[in-house]
Amino acid sequence: MNTTTIQRIDTLIIGAGLSGIYAASRLAEQNRSFVLLEARNRIGGRILCPQYEGYGCDLGPSWYWPEIHPTMARLVDTLNLKGYRQFENGFGRYQQHSGAVHTIRGYGSEPASWRIVGGMMALVTRLCERVLRDTIRLNHPVCGIERRSDGIRVTVGELEKAPWAEFLAQQVVLALPPRLTAATILFTPDLPDHLAQAMLKTSTWMAGQAKFYALYETPFWRDAGLSGQAFSEHGPLGEIHDGSNHVTAPYGLTGFVGMPAAQRNQQPCLNQAIREQLADLFGWAAATPTRLFYQDWARESFTATAYDQPPLRAHPDYRPPAGQSAIWDGRVHFAGTETADQHGGYLEGALRAAERAINNLQSK
Ligand SMILES: Cc1cc2nc3c(=O)[nH]c(=O)nc-3n(C[C@H](O)[C@H](O)[C@H](O)COP(=O)(O)OP(=O)(O)OC[C@H]3O[C@@H](n4cnc5c(N)ncnc54)[C@H](O)[C@@H]3O)c2cc1C
């Protein structure tokens, strides 16, 4: 027997990544009633920063670009967070397919890349301080969204099983990638084919990537005149940058695994290969980090689908799916960075899409 009671709420936000949390903070500012449902047992979505001695290691996004991402720059200021320039002084390394390593001229990012003191998670944690704790429900994977005459019924749990929880909302904000939404949530009535297809065809930015973070007590590469920047055609790592704390230890090297998701299935061997490659590029001290963190986003079922496994060759031109920023007479709104009108894929896009959704909600 199904004993779940249906919880009535004005606005329901689905997804506690930056977009969903920002939307929640905007609704809290307006004293509006809402609940935010998050499938994982943590907030942040693609923002993920395991801690080491108080330093958050960005295994998702590391950078923002204040010159071209004004919403992010403003938010960092408003939240009293501090940004710092990506360290880029010194020579870079380039590794050929054969494994041979060359020292190359370093170059500065243009526009300048900035990191956040404490890691990108600081952004989400600060925003959360503006939101009442019990409005965020972790471990709440949404599996069904149904249009009814008295509102939008949202079901939490696993498809075809008894629901864990049910909500009846007047409005819903979908703050998760549209491809994931179309692939994992059942809509009743069916979404129009062209919209469902557009959602499935919207690649989730960086969902096929894997990132590592190696921490050290000293920045030995800087002492050798190296910036920490490296590019490799040899692998397993493809791109490396300095990922050090603001002014003090820990110091770090971080970056992306270059091999496709399907080949990244032997993690212990991969960890060993990462250490060996770091040593080839930066010297023997690089082989023994105090901590090595690794995150494979392609294996995260609340980020990536089977369609996201092949690596993306270029940054997609994101926009709301099929040009629609809302469906069902403005009762269900798209947020999430992949639905942004501008800067989609980036943190900036996540904020802008959330802002649009909140502005378009019907007032009570
Ligand atoms: C490795 C990597 C590096 C990146 N580097 C940068 C960078 O340097 N700069 C930059 O600007 N951007 C970067 N990005 C992109 C950036 O991370 C995203 O733009 C941003 O985090 C997206 O936020 P979002 O809230 O739109 O989506 P997400 O963070 O994906 O949030 C969606 C949330 O929905 C939840 N969810 C999923 N399914 C359900 C469900 N059924 N029910 C309830 N909840 C659900 C998820 O668990 C998640 O918490 C990077 C991304 C990755 C992975």
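Worth a mention:
- Residues (in contact with a Lys or Arg (Cβ under 9 Å, 6 or more places away or on another chain), more than 15 Å from the ligand (Cβ to nearest atom), farther than 14 Å from Cys128 by Cβ and not small (Gly, Ala, Ser)) located in the stretch 23-45: Arg32
- Matching residues in the stretch 127-186 - criterion: being of a type in the set (Phe, Trp, Tyr) and under 24 Å from Arg356 (Cα atoms): Phe167
- Screening the stretch 1-101 for strands (runs of 3 or more DSSP E) wholly inside it with 1 or more residues that are over 30 Å from Tyr216 (Cα atoms) returns the ranges 6-14, 34-37.
- In summary, Leu351 fulfils each of the numbered conditions (1) touching a residue at least 24 places away in the same chain (Cβ under 8 Å); (2) open to solvent by 10 Å² or more (accessible area, probe 1.4 Å) with the single exception of condition (2).
- The single residue among Ala196, Ala207 that is outside any helix (DSSP H, G or I) and among the aliphatic types (A, V, I, L, M) turns out to be Ala207.
- Any hit, the stretch 81-99, residues being at pLDDT 95 or above, surrounded by fewer than 21 Cβ atoms within 10 Å (Cβ to Cβ), in contact with a strand residue (DSSP E or B) (Cβ under 7 Å, 6 or more places away or on another chain) and aliphatic (A, V, I, L, M): yes
- The set of residues from the stretch 310-364 being part of a helix (DSSP H, G or I) and more than 13 Å from the ligand (Cβ to nearest atom) comprises Pro321, Ala322, Gly323, Ile358, Asn359, Asn360.
- Scanning the stretch 114-128 for residues that are within 17 Å of Leu59 (Cβ to Cβ) and open to solvent by less than 30 Å² (accessible area, probe 1.4 Å) yields a count of 8.
- Residue pairs whose Cβ atoms lie under 6 Å apart, separated by 6 or more positions or on different chains, with the first residue in the stretch 205-224 and under 30 Å from Thr337 (Cβ atoms) and the second of a type in the set (S, T, N, Q) and within 16 Å of the ligand (Cβ to nearest atom), are Ala207/Thr303; Gly208/Gln309; Lys211/Gln295; Tyr213/Thr254.
- Glu88 meets each of the listed conditions (1) in contact with a Gly (Cβ under 8 Å, 6 or more places away or on another chain); (2) within 14 Å of the ligand (Cβ to nearest atom) apart from (2).
- Of all residues in the stretch 159-183, those being within 13 Å of the ligand (Cβ to nearest atom) and either farther than 20 Å from Gly344 by Cβ or at pLDDT below 95 (or both) number 6.
The values are calculated or read from the model by the stated rules, or taken from the named source; none is laboratory data. Quick caveat, the model's predicted, so the values are computed rather than measured. Glycine also receives a Cβ, built like all others from the backbone with ideal geometry; neighbour counts cover every protein chain displayed. Remember, those area values only see protein heavy atoms, side chains included, never the ligands or the DNA or RNA. Shrake-Rupley method; radii C 1.70, N 1.55, O 1.52, S 1.80 Å.
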